[in-house]
1. Below 8 Å, C-alpha to C-alpha, sequence gap of six or more: please give me the relative contact order for the range 15-107 in percent.
2. Could you tally the net charge around E121, taking each other residue with its Cβ under 14 Å from the Cβ of E121, Lys/Arg +1 and Asp/Glu -1?
3. Determine the relative contact order of the chain: mean sequence separation of Cα pairs under 8 Å and six or more apart, normalised by residue count, in whole percent.
4. If we count every other residue with Cβ under 11 angstrom of F35's Cβ, Lys/Arg +1 and Asp/Glu -1, where does the sum land?
5. Which of I67, I101, I80 moves most in a GNM of the chain, Cα contacts under 10 Å?
6. Report the Stokes-Einstein translational diffusion coefficient (µm² s⁻¹, integer) for the chain, Rh taken as the Kirkwood radius over Cα pairs, at 10 °C with viscosity 1.306 mPa s.
7. Label points 7 Å out from Cα along the Cβ direction at D148 and E106: separation in nm?
8. Based solely on its DSSP helices, what 222 nm [θ] is calculated for the chain when runs of n ≥ 4 H residues each add -39,500 (n - 2.57) and the sum is averaged over all residues, nearest 500 deg cm²/dmol?
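None of the figures in this text is laboratory data; all of them are computed from the coordinates on show. It should be emphasised that the depicted structure is a prediction, and the values quoted were computed from it without experimental measurement. When we count neighbours, we look across all protein chains shown, and the Cβ atoms used for this are built from the backbone with ideal geometry, even at glycine.
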Amino acid sequence: MNTHLKRATLGGGCFWCIEAVYKRLTGVVSVQSGFSGGSIKNPAYREVCTGRTGHAEVCDIQYDPKIVAFEDLLNIFWEIHDPTTLNRQGNDVGTHYRSVIYFHDEEQKSVAEKLKVRWSETTFTDKPIVTEITEFSNFYPAEEYHSDYYDLNSEEPYCRIVILPKLEKFKKKFQHKLKKS
């Protein structure tokens with residue numbers, strides 16, 4: 001990893017949705033789907049889905065802070081998922097689908113807390129934001145078939161019904177931040 005790159009670890013429901021969005025963001029170098037916050041090492045997807053490991057589905061994002069700020073990453077995060085639903089996103093239900101920001105340093109923690117308040121006061125005024133802001137402790141990559149899931153399976157019903165609307169919303173709202181094709 002280049003020494004100037006930074007890392008963000010975000011969970012906003014299914015990691016396929018998060019990956020599909022952040023892969024298209026200028027300044028993002030890599031996005032890897034996986035699991036954070038749980039109690040066992042190297043969990044398998046099947047274990048995480050039981051809810052007994054304590055992990056969340058997340059994406060580990062490597063980004064260049066000279067091109068995209070952590071604040072930008074979080075503004076997109078708040079926009080592309082519903083941070084007011086506890087342990088679910090749409091029909092995806094379980095603690096592994098929770099909304100969570102795993103901060104890597106005190107600056108990320110401060111930015112996350114500040115933005116959570118701002119979004120609570122301006123956008124999500126009718127329901128409280130339940131997003132956890134927790135210190136990063138671990139990341140375990142998901143099995144290989146989860147990588148680039150949307151790009152490899154865009155015609156699958158889940159991709160068309162769940163991921164595509166989030167991706168289209170992102171592209172419309174943040175068109176100026178999209179990677180050039």
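1. 27 percent
2. +2
3. Reported as a whole number, the value is 31 percent.
4. Once positives and negatives cancel, what remains is -3.
5. Between I67, I101, I80, it is I67 that shows the largest mean-square fluctuation.
6. Using the Kirkwood radius from Cα pairs, D works out to 97 µm²/s.
7. 4.1 nm
8. My calculation for the chain gives -9000 deg cm²/dmol from helical runs alone.
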